[in-house]
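Structure record follows, encoded as structure tokens.
Read-outs: derived from the displayed coordinates by stated rules, not from any lab. In this text, all values refer to a predicted model and were calculated from it rather than measured experimentally. With ideal geometry, Cβ positions are generated from the backbone for all residues, glycine too; neighbour counts draw on all protein chains shown.
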Amino acid sequence: MNEILNADSQQIFLDWSTPAVLQQRVQTFDPVNGSLELLAESVTVHVIPGPDIVRRDQGTVGLKKSTSRSFLVRNEELPEDWNLLTAEITIQEKDYRIASVDSSFVTGTVVLQCESRTA
């Protein structure tokens with residue numbers, strides 16, 4: 001049964017996925033010169049994106065909008081040593097901050113719940 005579910009998952013990604021860039025920024029302290037450095041690591045992952053859900057932010061008189069979007073990603077493509085809650089995903093030149101990582105009903109995958117702010 002697992003083989004059937006795994007084959008279905010692979011076929012879903014072959015049919016529907018699109019490449020995206022997963023990026024993690026890590027802040028480090030350099031004790032020699034007393035400065036903070038921001039290091040960025042990135043990997044390309046294949047995602048199945050959900051639709052953009054746009055809401056006007058309360059308290060901004062509708063001047064700012066929040067966009068949320070979910071992405072289905074295979075576990076095997078995610079770096080094991082990353083804290084995904086400090087990472088961002090870029091797709092179609094739009095950046096999304098990962099707000100949560102949820103389990104998925106599709107075998108071997110997780111859902112990245114993401115947010116983006118636009119003016």
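Evaluate Rg over Rh across the chain, taking Cα atoms for both radii and Kirkwood's formula for Rh.
My calculation puts Rg/Rh at 1.06.
Using 1/(1 + (r/R0)^6) with R0 = 35 angstrom and r between the beta carbons of Val106 and Ser35, what's the FRET efficiency to the nearest 0.05?
After rounding to 0.05, the efficiency reads 0.20.
Once amide H atoms are built 1.01 Å from N in the peptide plane, which residues 5 or more positions from Lys64, or in another chain, come under 5 Å H to H?
Sorted by chain and number, the residues that satisfy this are Asp57.
Using the Karplus curve 6.51 cos²θ - 1.76 cosθ + 1.60 with θ = phi - 60°, what ³J(HN,Hα) values do you get for each residue of the stretch 23-38, in whole Hz, with x for Gly and Pro?
10, 10, 9, 10, 8, 10, 9, 9, x, 5, 10, x, 10, 9, 10, 10
Working from Cα positions, state the angle (0 to 90°, nearest 10) between the long axis of helix 2-16 and the longest principal axis of the chain.
60
Full-extension gain between Ile53 and Asn75, please, as 0.36 nm times their residue separation minus the C-alpha to C-alpha distance.
Values: separation 22, 0.36 × 22 = 7.92 nm, distance 2.45 nm.
Result for the pair: 5.5 nm of gain on full extension.
Would you kindly state the longest site-free stretch of the chain, with sites defined as GluC sites (Glu not before Pro) in a DSSP loop (not H, G, I, E, B) surrounded by at most 12 other Cβ atoms within 10 Å?
Values: sites that count: Glu80, Glu93.
Longest gap between qualifying sites, sites excluded: 1-79.
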